[in-house]
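What follows is a short report on a single structure.
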Amino acid sequence: MTNAIQKLYPSTKMSIVLAVILFTLMMPGYISQYSVFPIFIIIAFISGVGTKFLSAFIKSIFVLVLFIFVFQCFLIPSDTVIWSKGILTLYKEGLEASLLMTSKIIAISSSLIWFFLVTPIKDMMFALEKAGFSKKFTFVIYSTIQLIPQMKKLSQTILEAQKSRGIETEGSLMIRLKAFLPMLGPLVLSSIQQTEEKVLALEARAFSATVRKSSYYQMSKKPVDYLVISVIFIGFMIFVWWRFFK
């Protein structure tokens, strides 16, 4: 069941993301950027996707941020040493640089993860077409977004088929590699077949026709969308004035 936040027009939700990105890039320091993450946790739970948000962040961003943080802390040399043991030396400038970089990554990725969780793909595609983008362009975007989930689902199907034929797919790393390599052939061939089926389905629906097309699925901006965009615009103008002209 969708709530009021999920029902916002895609461009309204994207304006929130753009405002966060600009705020992150223009705001000095790192404390304010780190504060964006707990704010989006609250927003995600209000939106009804809190658990998915945390799961997606931990699986996709947390390891990357941790690696960058440790890498920069110990590999950017300076005159100020905070801690040292053996070959490991923690420098002050390295710590500050890692905090700055990871805070920006966390803030921007949090907003993007939230956006894709609360915005159905069909809504994004409809909004792009309404904005004047061609159907070919929106189809490329749609296919790119759907590529990884479709490949994952297809690989799981192939693995299940291999299990049913008695092929070992679980165990040590070598066993997993032996099961993975024979899966590549069916995975590539099935992907090509699905692509051909999509092309035939699109042509059957007059995808390449130059006439003006109608859409069964409809959505439009509501007064709350204009209100949210106005608040974001005014708030951003106040922030720019405070940041650069005060």
Give me the residue from segment 201-246 that is loosely packed, with under 10 Cβ neighbours inside 10 Å and outside any loop (DSSP other than H, G, I, E, B) and, out of that set, modelled with the lowest pLDDT.
ALA204
Take the residues in segment 119-175 that are part of a loop (DSSP other than H, G, I, E, B) and among the polar types (S, T, N, Q); name whichever of them is modelled with the highest pLDDT.
THR119
Applying the selection to segment 91-141, what residues are outside the structural domain of VAL70 (by TED's automatic domain parsing) and in contact with a strand residue (DSSP E or B) (Cβ under 6 Å, 6 or more places away or on another chain)?
none
Would you confirm, using the coordinates I've provided, whether SER84 is polar (S, T, N, Q) and part of a helix (DSSP H, G or I)?
no
Any chance ALA107 is surrounded by 18 or more Cβ atoms within 10 Å (Cβ to Cβ), part of a helix (DSSP H, G or I), over 16 Å from the mean Cα position of the chain (by Cα) and of a type in the set (A, V, I, L, M)
no
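Okay, residues lined up against (1) in a helix (DSSP H, G or I); (2) not hydrophobic (A, V, I, L, M, F, W, C):
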{"position": "SER11", "(1), (2)": "yes, yes"}
{"position": "LEU18", "(1), (2)": "yes, no"}
{"position": "PRO28", "(1), (2)": "no, yes"}
{"position": "PRO38", "(1), (2)": "yes, yes"}
{"position": "PHE53", "(1), (2)": "yes, no"}
{"position": "LYS59", "(1), (2)": "yes, yes"}
{"position": "LEU64", "(1), (2)": "yes, no"}
{"position": "PHE69", "(1), (2)": "yes, no"}
{"position": "CYS73", "(1), (2)": "yes, no"}
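The values are calculated or read from the model by the stated rules, or taken from the named source; none is laboratory data. Model, not experiment: these values are computed from the prediction. Every residue, glycine among them, receives a Cβ derived from its backbone with ideal geometry; neighbour counts consider all protein chains shown.
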